[in-house]
Amino acid sequence: MNERRASRQLGKQINSKLILNLIKAGPISRAEIAAESGLSAATVSNLTSELIAEGLIRESGVGETTRGRPPVMLSLNSNARFVVGVKVMPDSLVAVVTDLDAEVVAQRVFKDLGEQVHRSGTLDTTPTAIVEKVAMLVEEVIRDAGINRSDLLGVGLGLAGFIDSNAGVCRYSPFFGWRDVNLAAPLTSALGLDVYLENDVNSLTIAEQWFGHGRGYEHFVVVTVGRGIGVGFVLNGRFYAGHQGGVGELGHVTVVPDGPKCGCGRRGCLEMMASDRALIQAARDAIADGKPTVLTDSDDITVKMLVAAAEQGDDLACSLIAESGRWLGVGLAMIVNLLNPELIIVAGEGVEAGDLRFDSMREALSEGQFDSLGTDTKLVVESSGDMMWARGAACVVLSEFFRSPLHRGRPSAIPLGGTG
Ligand SMILES: [Zn+2]
């Protein structure tokens, strides 16, 4: 292709994506598209005809007008294409198929990943074993959805750790112990579909921007608390990926220099003070020390059990949960002092500890804020299940599809504005 033709082609793709995004934001007429995009009426007419021919958009009735013929409105055909999202956890996999509006049309859970690999002898968490299971689950969920494979845009994979999404490589997975593992390439060849890898907290953040609490916000963060602690950022209306994808390791910020040793090799990371794992460890230690409590068995303690004990008035459970919340608040105050976001969304399985954890978190947050920073910051606690995370992984593919070629090479989402 000669240079002039190539640049004409790129210009056309950019304009086409621009139009598609305007239509995605809600029914709109060709004249309104021309006015909002600055494109000529002829260009809008040509490109919308092509989008209709591709099945991506449709004419959806007529709009209102004060004079003349009412304009024909154009809408996104949300069932025109589909994406798959998979949340990969150490013990389970959750997969969904969604349409272009990120609405789930099929879902599958593979619960006993840990058990299955244990039964086969040693714990097989080699990339090969995990890729094989992910591929199997993806095939099943595609079958469940009853869609044409040719309508699939790709598969998004959400995984904890340091993920280089441009390269499709997991640089470091604390749960699987992987270093520099390319997951996208073997999955692409196993499935014959494009595969996008993203850090799980980042994919949840993209989901919040697309269809969650973050919609319409220019500056927000998603803090997740569970086994670990992470944070995802949307700054100036754009998802922030960091250099080579390394971003948001809030859990490994040192808060107690001589504190307990963390899995990352250092001491006193926030994760060792505020995560579910830390909370459970603190309960075990207290029971072993013979502290008075209704909790007896220290081996199988869960956050649920601690919450139940606290609700019965168990002092130890109450104070341990409040303490973990206090440390979480210390972490949130750091974010507020650095970024002053409009909104903080707290999500993850750790939210099941409820107000016991979050009252002390709010208190520590307000104590740790610099001057009046954060006084306007909204705080939302969201109980997002595994399905939301898998939907987030699907949104990684959607954001890639709707992104302008101008911004290719960046690993994530574009703001869509008023989608509902
Ligand atoms: Zn650490």
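The values are calculated or read from the model by the stated rules, or taken from the named source; none is laboratory data. A quick note: this is a predicted structure, and the numbers were derived from the prediction, not measured. A quick note on method: Cβ atoms are made from the backbone with ideal geometry, for glycine too, and the neighbour counts reach across all protein chains shown. These area figures cover heavy atoms from the full protein model, side chains too; ligands, DNA and RNA do not enter into them. Shrake-Rupley method; radii C 1.70, N 1.55, O 1.52, S 1.80 Å.
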Checking Ile33 against (1) in contact with a strand residue (DSSP E or B) (Cβ under 8 Å, 6 or more places away or on another chain); (2) within 30 Å of Met388 (Cβ to Cβ); (3) open to solvent by less than 40 Å² (accessible area, probe 1.4 Å): exactly one of these is not met. Which one? (2)
Tell me which residues, restricted to segment 215-232, are outside any loop (DSSP other than H, G, I, E, B) and either within 20 Å of Trp327 (Cα to Cα) or within 14 Å of the ligand (Cβ to nearest atom) (or both). Val221, Val222, Val223, Thr224, Val225, Ile229, Gly230, Val231, Gly232
Return a yes/no flag: does segment 175-189 have any residue that is open to solvent by less than 10 Å² (accessible area, probe 1.4 Å) and within 16 Å of the ligand (Cβ to nearest atom). no
Only one of (1) in a helix (DSSP H, G or I); (2) at pLDDT 90 or above; (3) out of contact with any helix residue (DSSP H, G or I) (no Cβ under 8 Å at 6 or more places or on another chain); (4) aliphatic (A, V, I, L, M) is not met by Val380, so which one is it? (1)
Pairs with Cβ under 8 Å, 6+ apart, first in segment 261-278 and near the ligand (Cβ under 6 Å from one of its atoms), second among the polar types (S, T, N, Q): Arg266/Thr254; Cys269/Thr254
Of the residues in segment 249-289 that are of a type outside the set (A, V, I, L, M, F, W, C) and part of a helix (DSSP H, G or I), the one that is nearest to Asp299 (Cα to Cα) is Arg284
Buried (at least 17 other Cβ atoms within 10 Å of the Cβ) and at pLDDT 90 or above, is that true of Ala308? no
Residue check, Tyr240 against (1) modelled with pLDDT under 95; (2) assigned by TED's automatic domain parsing to the domain that holds Ser92; (3) under 13 Å from the mean Cα position of the chain (by Cα); (4) more than 22 Å from Ala278 (Cβ to Cβ), all met but one. Which one? (2)
Which of the residues that make up segment 1-30 are under 17 Å from Pro71 (Cα atoms) and open to solvent by 50 Å² or more (accessible area, probe 1.4 Å)? Pro27, Arg30
Confirm whether Ala282 is among the hydrophobic types (A, V, I, L, M, F, W, C), surrounded by 19 or more Cβ atoms within 10 Å (Cβ to Cβ), under 30 Å from Gln209 (Cβ atoms) and touching a helix residue (DSSP H, G or I) at 6+ places or on another chain (Cβ under 6 Å). no
Could you list all residues from segment 290-322 that are part of a helix (DSSP H, G or I) and either among the polar types (S, T, N, Q) or in the same structural domain as Pro174 (by TED's automatic domain parsing) (or both)? Ser319
For segment 233-259, the count of residues that are near the ligand (Cβ under 10 Å from one of its atoms) and either among the acidic types (Asp, Glu) or open to solvent by 40 Å² or more (accessible area, probe 1.4 Å) (or both) equals 4
From the list Ala95, Ala41, which residue is out of contact with any His (no Cβ under 9 Å at 6 or more places or on another chain), among the hydrophobic types (A, V, I, L, M, F, W, C) and within 23 Å of Ala145 (Cβ to Cβ)? Ala95
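For (1) over 23 Å from Arg227 (Cα atoms); (2) modelled with pLDDT of 90 or more; (3) more than 17 Å from the chain's Cα centre (by Cα); (4) among the hydroxyl-bearing types (Ser, Thr, Tyr), each residue gets a yes or a no:
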residue	(1), (2), (3), (4)
Ala102	yes, yes, no, no
Arg108	no, yes, yes, no
Gly121	yes, no, yes, no
Asp124	no, no, yes, no
Ser150	yes, yes, yes, yes
Gly154	yes, yes, no, no
Gly161	no, no, no, no
Among the residues that make up segment 288-298, is at least one of them surrounded by fewer than 20 Cβ atoms within 10 Å (Cβ to Cβ), without any contact (Cβ under 8 Å) to a residue 60 or more places away in the chain and within 16 Å of the ligand (Cβ to nearest atom)? no
